[in-house]
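Input: a single structure, listed below in structure tokens.
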Amino acid sequence: MNNMSVRFEMVLLPAAQGFIEGQPEGVQEKVRQVLRTAAQDEDIKYFKELREGIWEFRVQHLGDHFRLFAFWDESHHPPRVLVTHGWRKDVKRTPDAEIERAFVIKMEYEVKSA
């Protein structure tokens, strides 16, 4: 990382780590670049809230689109963004099942952290 301040700590949960590692090297590097940029830049076009506390990282590489889902844990300093899982986008709209999967992981995390 460079000298820019980090606005949140990135935590890759096992499903997200497995998704990233299962991609070709070029995609892995692009994902790492997007995650680093999002952690440092407040005006980031790659990171947006989908709904009710579930966020997505948007990654594009050689015409392919990928999404990584995440949620915030602000009980730490700096706050944490936990990346739940990833998905190779092959339809225009993100399926509700992918967002629901992120909600389930978030709820499980919150129960364990309570």
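The values are calculated or read from the model by the stated rules, or taken from the named source; none is laboratory data. Being a predicted model, the structure only gives us computed values, none of them experimental. No Cβ is skipped: glycine too gets one built from the backbone with ideal geometry, and neighbour counts run over all protein chains shown.
Looking at L35, is it part of a strand (DSSP E or B) and under 27 Å from S113 (Cα atoms)?
In short, no.
Please verify whether the stretch 38-47 includes one or more residues that are assigned to a strand (DSSP E or B), in contact with a strand residue (DSSP E or B) (Cβ under 6 Å, 6 or more places away or on another chain), small (G, A, S) and within 12 Å of M10 (Cα to Cα).
Within the stretch 38-47, not a single residue is assigned to a strand (DSSP E or B), in contact with a strand residue (DSSP E or B) (Cβ under 6 Å, 6 or more places away or on another chain), small (G, A, S) and within 12 Å of M10 (Cα to Cα).
For Q28, state whether it is over 11 Å from the mean Cα position of the chain (by Cα) and either in a strand (DSSP E or B) or buried (at least 18 other Cβ atoms within 10 Å of the Cβ) (or both).
no
Have a look at H85, H76, H65 and point out the one that is closer than 20 Å to L35 by Cα and in a loop (DSSP other than H, G, I, E, B).
Of the residues listed, the single one that is closer than 20 Å to L35 by Cα and in a loop (DSSP other than H, G, I, E, B) is H76.
In the stretch 95-114, what residues are at pLDDT below 90 and either closer than 11 Å to R67 by Cα or in a helix (DSSP H, G or I) (or both)?
Matches in the stretch 95-114: S113 only.
Take the stretch 81-114 and flag every residue that is exposed (fewer than 11 other Cβ atoms within 10 Å of the Cβ) and of a type in the set (S, T, N, Q).
Across the stretch 81-114, the qualifying residue is only S113.
Please determine whether any residue of the stretch 34-54 is out of contact with any Leu (no Cβ under 9 Å at 6 or more places or on another chain), in contact (Cβ under 8 Å) with a residue 24 or more places away in the chain, surrounded by 15 or more Cβ atoms within 10 Å (Cβ to Cβ) and of a type in the set (V, I, T).
Among the residues of the stretch 34-54, at least one is out of contact with any Leu (no Cβ under 9 Å at 6 or more places or on another chain), in contact (Cβ under 8 Å) with a residue 24 or more places away in the chain, surrounded by 15 or more Cβ atoms within 10 Å (Cβ to Cβ) and of a type in the set (V, I, T), which makes the answer yes.
Among the listed residues V34, V27, V83, which satisfies the condition of being hydrophobic (A, V, I, L, M, F, W, C) and farther than 19 Å from R7 by Cβ?
Within the list V34, V27, V83, the selection yields V27.
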